[in-house]
Amino acid sequence: TQVETLLEVNNIEVIYNSVILVLKGVSLNVPKGGITALLGGNGAGKTTTLKAISGLLASERGEVTKGSIKYRGQPIQHTDPAETVRKGVVQVMEGRHCFEHLTIEENLLTGAYTRTDGKAGIQRDLEMVYDYFPRLRERRRSQAGYTSGGEQQMCAVGRALMSRPETILLDEPSMGLAPQLVEQIFEIVKTINEKEGVTFLLAEQNTNVALRFAHYGYILESGRVVMDGPAKDLRENQDVKEFYLGVS
Ligand code: ATP
């Protein structure tokens, strides 16, 4: 059976400040209902790729100068972030980015700002988020700035869910978290993928954990895709083992 491609990145080039060439022809296919991992070291271009898709690049003086990005077959590379969210694609930025002075619940509600359905639907989804992250229910009245790194990461994912996305671009969910928490976050991502049918494109330096939860992976090096394949194959690939999984 043919799986529908939801997001198609075709040979994109990205330049910052009109001079710094960071992506040198990146192509990706993100199938509907899958978890796709974007792997690679520091500075490889993972974040830039996600921002090119979400439209957040413009606010950093970055520009897609070649290639195309299509969502459901429609070009989106000139779409602003709010419009991209309305199309069903939301980015969870690296480093959590909660509003520190708002409570956890207020943070979650900000995720619903593009929705046009009524309060009842939003309330229902708040409960859904709390069911996925019971810890957030306990902390709902706490100011986000005073919660732990893990709670803030949960809050960032929960906030994305509040927009009822079809696709979540998740940047470095493991960053700065203890291994046990990383595992927990990835388990929840897997459950959301399976139960809600949300498609994920996630950027990760932690190749090991990403390849255990993703279905397919792309490896970026210096702004180019150097390898891609089913996660299972990448896990067993000798080069991947040696350079990215830390075993030979
Ligand atoms: P990390 O895990 O560190 O975020 P990454 O793979 O996500 O790494 P990017 O953040 O996309 O990599 O960065 C790729 C390259 O682009 C790096 O060399 C970085 O210095 C450069 N870069 C990123 N943002 C900007 C910017 N706003 N202006 C200029 N150069 C930038």
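The values are calculated or read from the model by the stated rules, or taken from the named source; none is laboratory data. Everything quoted here is computed from the prediction, not taken from an experiment. All Cβ positions, even for glycine, are placed from backbone atoms using ideal geometry, and neighbour counts span all protein chains on display. All accessible areas refer to the heavy atoms of the entire protein, side chains included, with ligands and DNA or RNA removed. Shrake-Rupley method; radii C 1.70, N 1.55, O 1.52, S 1.80 Å.
Side notes on the structure shown:
- In region 200-233, residue nearest to the ligand (Cβ to nearest atom) [restricted to those that are free of Cβ contacts under 8 Å to residues at least 60 places away in the same chain and outside any strand (DSSP E or B)]: Asn206
- Qualifying residues in region 1-38 (those that are within 16 Å of the ligand (Cβ to nearest atom) and at positive phi) - the one nearest to the chain's Cα centre (by Cα): Gly25
- In region 14-30, of all residues being touching a Leu at 6+ places or on another chain (Cβ under 6 Å) and over 13 Å from Lys70 (Cα atoms), the one that is least open to solvent (accessible area, probe 1.4 Å) corresponds to Val14.
- Every residue from region 39-55 that is in contact with a Ser or Thr (Cβ under 9 Å, 6 or more places away or on another chain) and more than 8 Å from the ligand (Cβ to nearest atom): Leu39, Ile53, Ser54, Gly55
- Segments classed as helices (runs of 4 or more DSSP H), wholly inside region 34-116, with at least 1 members that are without any contact (Cβ under 8 Å) to a residue 40 or more places away in the chain, open to solvent by 30 Å² or more (accessible area, probe 1.4 Å) and under 28 Å from Leu126 (Cα atoms): 81-86, 104-110
- Checked against (1) within 16 Å of the ligand (Cβ to nearest atom); (2) open to solvent by less than 30 Å² (accessible area, probe 1.4 Å), Gly150 passes all but condition (1).
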